[in-house]
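Student: For reference, the structure I am asking about is given below.
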Amino acid sequence: MTETFVIAQGGGPTAVINQTLAGVVVEARKRYPGARILGALNGVRGIRDANFVDLSALSEQELRRHAATPSAALGSTRDKPDIAYCETILKRLRQTGATAFVYIGGNDTAATQQILTEAAGGDIAFVHAPKTIDNDLVKNDHTPGFISAAQFIASAFVSVDLDFRALPGIYVGIVMGRHAGFLTAAAAAWQQDSDGAPHLVYVPERALSAGRFVDDVRAVVSRYGRCIVAMSEGVTAEDGRSVVESIVPSDRLERDAHGNVRLSGGDLGMAIEHALREGLPGVRARVDTFGYLPRGNISTINETDAREAFEAGVFAVEAAERGGGSVALQYDGGITAPRLVPLANVAGKTRHLPDDFLSPEGNQISPQCRAYLERLMPRRFELAKPFV
C-alpha cells in the first residue's frame, strides 16, 4: 500500500515552522519512495474542506527555500475542533487514504491529535510536532520557534537600554506570552552589566498590582535615572485574571475559538501608560507592544532553532512508524534531541516558567533562568560601556 502523509500547521506562525514541514517531507520521501505527501491548507480546515497541495514532487531546492522562509507556508488556523469536527477530519483523512497525519503546532494542536487518535482506532498514525514561541509545551526542554523569537527580544532590549542611557526615561516593552513568561524572561538574556536592562521583568506566573508596579519603577528610576521594563501581555492581576481582563469591560473583551481573551490589542499598553502618568507625572515614558514582530522575524532566525525544527520534522516520520504521539525536544545534559512522548502528556497542558527562574521579588530573572537562556542563545554582542 502506498504511504500517504498529510501535514498541517496550526496556531501562530514562527520563524522556523517550515523547517519542520521540510523535515517531514524529506524524511518521508527518503523512507517511502513514491509516497504521497499532502499539505492541508490552513490547518485542519484544509482537511475538512479537502483543500490540499501536493508536496510529493517539490524539488529539493524549492523545499529548502520554503524551509528557510518564516511563517506557515501551508497557512494556519485557530480552529479548536470538537468531537464532531474531528469526525469530519477523520472521514476526510480516510477518503484521501492517509496513513499518517502530522500536525505541527502547540498544546491545542496536540489536543486535536489526541481526539483523533482516540476516534480512529489505530488505522492512522497521528503525530504532533512541536511549535511555539511561548516555549510552553510540557515534556520539552524548549520548543522550535522559541530561540529565534527570544533572540529578537533579547537584542531589542539591549538596543532600548542603550537608547535610554542616552536620553533617560521609562520604557515598557510588552511581549507575547499568555500563560508562560519564557519569552519575556528572554529580554534579560543579554543584559550587558549589573545596571543593564531590563531592570524589571513581569510575567504571568507572578501577580502584579498597579501600585506595586509604579513603586518598582519609581525605585529603579531613583537608582539608575532610567527604567526599562519587560512585561508579558498575559501578566496577571492579584485576583488571578489577566490584567487586560481586569481593565477592559466584559462586553468589550474579544475571545478566540479556544476561549482565550484577545491580548494583542493596545488596552494593556494604554493602562500602563495611564498608571505611569498618574504615578510618575512629568517623567518621559514610552510603552510599546511588540505584538507579532518577534514571532517570525527573518533577521533573527537562529541556526540551532532552524536545525532542531528540521530534526523534529524528520523524527515525526519515525514517530508515525511507531504509531504516533508527540515529538518533544529533550535535553540530556549534553545534547538536545527529539523524543516520542504520549499525546496525553502534552495535549492541552501548559508548561510555566519554573518558580526558581524568578527572583524572590518576582520582578527579575534568577541565575538559574540566566543559565538556561545562555545555553539556548549564547551572548552575541560585546558592547562598549557608555560614558553616561
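Student: Does residue 293 satisfy being at pLDDT 85 or above and assigned to a loop (DSSP other than H, G, I, E, B)?
Tutor: yes
Student: While we're on this one: Across the range 202-214, what is the total count of residues that are under 23 Å from residue 161 (Cβ atoms), at pLDDT below 95 and not β-branched (Val, Ile, Thr)?
Tutor: Filtering the range 202-214 down to residues under 23 Å from residue 161 (Cβ atoms) leaves 202-203, 206, 208, 212-214.
Restricting the remaining residues to those that are at pLDDT below 95 gives 206, 208, 212-214.
Within this subset, residues satisfying the condition of being not β-branched (Val, Ile, Thr) are 206, 208, 212-213.
Selection size over the range 202-214: 4.
Okay, residues lined up against (1) in the same structural domain as residue 22 (by TED's automatic domain parsing); (2) touching a residue at least 12 places away in the same chain (Cβ under 8 Å); (3) under 20 Å from residue 125 (Cα atoms); (4) not in a helix (DSSP H, G or I):
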{"residue": "58", "(1), (2), (3), (4)": "yes, yes, no, yes"}
{"residue": "61", "(1), (2), (3), (4)": "yes, no, no, no"}
{"residue": "73", "(1), (2), (3), (4)": "yes, yes, no, yes"}
{"residue": "76", "(1), (2), (3), (4)": "yes, yes, no, yes"}
{"residue": "85", "(1), (2), (3), (4)": "yes, yes, yes, no"}
{"residue": "92", "(1), (2), (3), (4)": "yes, yes, yes, no"}
{"residue": "101", "(1), (2), (3), (4)": "yes, yes, yes, yes"}
{"residue": "104", "(1), (2), (3), (4)": "yes, yes, yes, yes"}
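Student: While we're on this one: Restricting the search to the range 12-30, which residues are surrounded by 24 or more Cβ atoms within 10 Å (Cβ to Cβ) and either outside any helix (DSSP H, G or I) or among the charged types (D, E, K, R) (or both)?
Tutor: 14, 15, 16
Student: In this structure, is residue 104 among the β-branched types (Val, Ile, Thr), modelled with pLDDT of 95 or more and within 24 Å of residue 215 (Cα to Cα)?
Tutor: No: the conditions fail for residue 104.
Student: Spot the failing condition for residue 350; the list is (1) assigned to a loop (DSSP other than H, G, I, E, B); (2) modelled with pLDDT under 95; (3) polar (S, T, N, Q), and only one is missed.
Tutor: Failing condition for residue 350: (2).
Student: Within the range 179-209, which residues are in a helix (DSSP H, G or I) and either closer than 20 Å to residue 169 by Cβ or small (Gly, Ala, Ser) (or both)?
Tutor: Correct list: 185, 186, 187, 188.
Student: Hey, could you check the range 153-178 for residues that are under 19 Å from residue 353 (Cα atoms) and either among the aromatic types (Phe, Trp, Tyr) or assigned to a loop (DSSP other than H, G, I, E, B) (or both) and say which is farthest from the chain's Cα centre (by Cα)?
Tutor: My answer is 178.
Student: Could you pull out the residue among 357, 310 that is in contact with a strand residue (DSSP E or B) (Cβ under 9 Å, 6 or more places away or on another chain), aromatic (Phe, Trp, Tyr) and within 29 Å of residue 104 (Cα to Cα)?
Tutor: 357
Student: Separate question: Go through (1) within 20 Å of residue 380 (Cβ to Cβ); (2) without any contact (Cβ under 8 Å) to a residue 40 or more places away in the chain for residue 195 and report which single condition fails.
Tutor: Exception for residue 195: condition (1).
Student: Here is a follow-up. Filter the range 233-261 down to residues that are buried (at least 19 other Cβ atoms within 10 Å of the Cβ) and among the polar types (S, T, N, Q) and give me whichever is modelled with the highest pLDDT.
Tutor: Going through the qualifying residues, I end up with 236.
Student: Do the conditions hold for residue 337, that is, is it on the phi < 0 side of the Ramachandran plot, surrounded by fewer than 22 Cβ atoms within 10 Å (Cβ to Cβ), in a strand (DSSP E or B) and of a type in the set (A, V, I, L, M, F, W, C)?
Tutor: Against the criterion (on the phi < 0 side of the Ramachandran plot, surrounded by fewer than 22 Cβ atoms within 10 Å (Cβ to Cβ), in a strand (DSSP E or B) and of a type in the set (A, V, I, L, M, F, W, C)), residue 337 qualifies.
Student: If you don't mind, another one. Could you go through the range 330-342 and let me know if any residue there is of a type in the set (S, T, N, Q) and over 23 Å from residue 26 (Cα atoms).
Tutor: No.
Student: For the range 315-327, enumerate the residues that are surrounded by 23 or more Cβ atoms within 10 Å (Cβ to Cβ) and out of contact with any Leu (no Cβ under 6 Å at 6 or more places or on another chain).
Tutor: Residues of the range 315-327 surrounded by 23 or more Cβ atoms within 10 Å (Cβ to Cβ): 315-317, 319-320, 324-327.
Within the range 315-327, 315, 316, 317, 320, 324, 327 qualify.
Student: Here's a follow-up. Could you tell me whether the range 312-325 includes any residue that is basic (Lys, Arg), within 19 Å of residue 376 (Cβ to Cβ) and either outside any helix (DSSP H, G or I) or at pLDDT 95 or above (or both)?
Tutor: In the first step, residues of the range 312-325 are kept if they are basic (Lys, Arg); the result is 322.
Still in the running and within 19 Å of residue 376 (Cβ to Cβ): none.
No, there is no match, as no residue in the range 312-325 is basic (Lys, Arg), within 19 Å of residue 376 (Cβ to Cβ) and either outside any helix (DSSP H, G or I) or at pLDDT 95 or above (or both).
Student: Only one of (1) surrounded by 21 or more Cβ atoms within 10 Å (Cβ to Cβ); (2) within 19 Å of residue 101 (Cα to Cα); (3) not polar (S, T, N, Q) is not met by residue 287, so which one is it?
Tutor: Failing condition for residue 287: (2).
Student: Now a separate question. Return yes when residue 2 is touching a residue at least 24 places away in the same chain (Cβ under 8 Å), farther than 19 Å from residue 114 by Cα, of a type in the set (Ser, Thr, Tyr) and in a loop (DSSP other than H, G, I, E, B) and no when it is not. Reasoning before the result, please.
Tutor: Working: touching a residue at least 24 places away in the same chain (Cβ under 8 Å): yes; farther than 19 Å from residue 114 by Cα: yes; of a type in the set (Ser, Thr, Tyr): yes; in a loop (DSSP other than H, G, I, E, B): yes.
It is true that residue 2 is touching a residue at least 24 places away in the same chain (Cβ under 8 Å), farther than 19 Å from residue 114 by Cα, of a type in the set (Ser, Thr, Tyr) and in a loop (DSSP other than H, G, I, E, B).
Student: While we're looking at this one, here's another question. For residue 123, indicate whether it is surrounded by fewer than 24 Cβ atoms within 10 Å (Cβ to Cβ), in contact with a strand residue (DSSP E or B) (Cβ under 7 Å, 6 or more places away or on another chain) and in a loop (DSSP other than H, G, I, E, B).
Tutor: Taking the combined requirement at face value, the residue does not satisfy it.
For (1) surrounded by fewer than 23 Cβ atoms within 10 Å (Cβ to Cβ); (2) basic (Lys, Arg); (3) over 21 Å from residue 386 (Cα atoms), each residue gets a yes or a no:
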| site | (1), (2), (3) |
| --- | --- |
| 174 | no, no, yes |
| 178 | yes, yes, yes |
| 191 | yes, no, no |
| 203 | no, no, yes |
| 213 | yes, no, yes |
| 216 | yes, no, yes |
| 221 | yes, no, no |
| 224 | yes, no, no |
| 231 | no, no, yes |
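The values are calculated or read from the model by the stated rules, or taken from the named source; none is laboratory data. Since the structure is predicted, the reported quantities are computational estimates derived from the model, not experimental observations. Virtual Cβ from ideal backbone geometry, glycine too; neighbours counted across all protein chains shown.
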